[in-house]
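Novice: I'd like to ask you about the structure that follows.
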Amino acid sequence: MLVKSLMGEFLHEAESTRKLLNAIPDSALDYKASDISWTTGQLASHIAEVYNWYEPTLHQNVFDMATYSYDKGDITSAANIVAKFEENVKKAQDALERATDESMFENWKMVMGDNNPIFPEMPRIQVVRGFLMNHLYHHRGEMIVYLRASGNKVPGLYGPTADDKM
């Protein structure tokens, strides 16, 4: 029941992420909110990459970031970023479909090349909610700000936006 519930949210929110990534024009890819911020392209790539973390989060008890290979793909066009998202979201859905309710209560940790956790070890369900889902929603919020600040339209994710006709 737990995995089924997560899957419902996953599918709904993946569609919202898809709408958001599809709203990014190539002309906005180099926009940066500040000198220390990522570009829109880098942020969009990160949003697509979060879906690549489902497999090691759901099917390993330890995720070693020192051995993880970040694949941002070709971020020179928004279409390339959307294609990477589509590839990663399919893998994430498969990983979630293979998960079990029981596995959600197993402890999980992230390390960086040793056995010391980067943040406290916790039940996998807490990691799925925080590290995967809420983390993604945070970055989608940033992307909405990037789109608006760069003069682009923002799609409605939870209802209409100022860009939608009422």
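Rule-based calculations on the coordinates, nothing more; no lab input. The structure presented is a predicted model; accordingly, all values stated were derived computationally and were not measured. Ideal geometry is used to build each Cβ from the backbone, glycine not excepted, and the neighbour counts take in all protein chains shown.
Novice: Which number in (1) over 24 Å from Q42 (Cβ atoms); (2) surrounded by fewer than 15 Cβ atoms within 10 Å (Cβ to Cβ); (3) under 12 Å from the mean Cα position of the chain (by Cα); (4) of a type outside the set (F, W, Y) marks the one condition that N134 misses?
Specialist: If we test N134 against (1) over 24 Å from Q42 (Cβ atoms); (2) surrounded by fewer than 15 Cβ atoms within 10 Å (Cβ to Cβ); (3) under 12 Å from the mean Cα position of the chain (by Cα); (4) of a type outside the set (F, W, Y), just (1) comes out false.
Novice: Output the number of the condition that Y158 fails; it satisfies all remaining conditions of (1) more than 20 Å from A48 (Cα to Cα); (2) of a type outside the set (A, V, I, L, M, F, W, C); (3) assigned to a loop (DSSP other than H, G, I, E, B).
Specialist: Status for Y158: all satisfied but (1).
Novice: With the requirement that a residue be of a type in the set (S, T, Y) and touching an Asp or Glu at 6+ places or on another chain (Cβ under 8 Å), what does segment 115-166 give you? Let's see the steps before the verdict.
Specialist: First pass over segment 115-166, keeping only residues of a type in the set (S, T, Y): 137, 146, 150, 158, 161.
Residue satisfying the conditions is Y137 alone.
Novice: Among what's in segment 88-97 and is touching a residue at least 40 places away in the same chain (Cβ under 8 Å) and touching an Asp or Glu at 6+ places or on another chain (Cβ under 9 Å), pick the residue that is nearest to D71 (Cα to Cα). I'd like the intermediate steps shown before the answer.
Specialist: From segment 88-97, those touching a residue at least 40 places away in the same chain (Cβ under 8 Å) are 88-89, 91-93, 95-97; that's our starting set.
Remaining after also requiring touching an Asp or Glu at 6+ places or on another chain (Cβ under 9 Å): 88, 91-92, 95.
Numbers: N88: 10, K91: 14, A92: 15, A95: 18 Å.
Step by step, filter segment 88-97, then rank; the result is N88.
Novice: So which residues in segment 112-122 are of a type outside the set (D, E) and loosely packed, with under 14 Cβ neighbours inside 10 Å, if there are any at all? Break it down into steps so the answer makes sense when it comes.
Specialist: Residues of segment 112-122 of a type outside the set (D, E): 112-113, 115-120, 122.
Answer for segment 112-122, where residues must be of a type outside the set (D, E) and loosely packed, with under 14 Cβ neighbours inside 10 Å: M112, G113, N115, N116, I118, F119, P120.
Novice: Is it true that L136 is hydrophobic (A, V, I, L, M, F, W, C), farther than 19 Å from V89 by Cα and not in a loop (DSSP other than H, G, I, E, B)? Let's see the steps before the verdict.
Specialist: Working: hydrophobic (A, V, I, L, M, F, W, C): yes; farther than 19 Å from V89 by Cα: no; not in a loop (DSSP other than H, G, I, E, B): yes.
So L136 fails the test.
Novice: Taking segment 70-93, which residues are closer than 13 Å to T57 by Cβ and of a type in the set (D, E, K, R)?
Specialist: K91
Novice: Could you grab me the full set of residues in segment 1-18 that are under 16 Å from I47 (Cα atoms), surrounded by 14 or more Cβ atoms within 10 Å (Cβ to Cβ) and not polar (S, T, N, Q)? Explain how you work it out, then say what you get.
Specialist: Here is the first cut: in segment 1-18, the residues under 16 Å from I47 (Cα atoms) are 10-18.
Then keep just the ones that are surrounded by 14 or more Cβ atoms within 10 Å (Cβ to Cβ); that gives 10, 13-14, 16-18.
F10, E13, A14, R18 - these are the residues of segment 1-18 that are under 16 Å from I47 (Cα atoms), surrounded by 14 or more Cβ atoms within 10 Å (Cβ to Cβ) and not polar (S, T, N, Q).
Novice: When residues of segment 143-166 are filtered for being surrounded by 15 or more Cβ atoms within 10 Å (Cβ to Cβ) and either basic (K, R) or within 12 Å of the chain's Cα centre (by Cα) (or both), how many remain?
Specialist: 1
Novice: So if I check each of Y51, Y70, Y31, which one is closer than 22 Å to V3 by Cα and hydroxyl-bearing (S, T, Y)? Don't jump to the end; show me each part of the working.
Specialist: Working: Y70 fails: closer than 22 Å to V3 by Cα; Y31 fails: closer than 22 Å to V3 by Cα.
Just a single option satisfies the conditions, and that option is Y51.
Novice: Restricting attention to segment 92-111, report how many residues are loosely packed, with under 14 Cβ neighbours inside 10 Å and part of a helix (DSSP H, G or I).
Specialist: Result for segment 92-111: 5.
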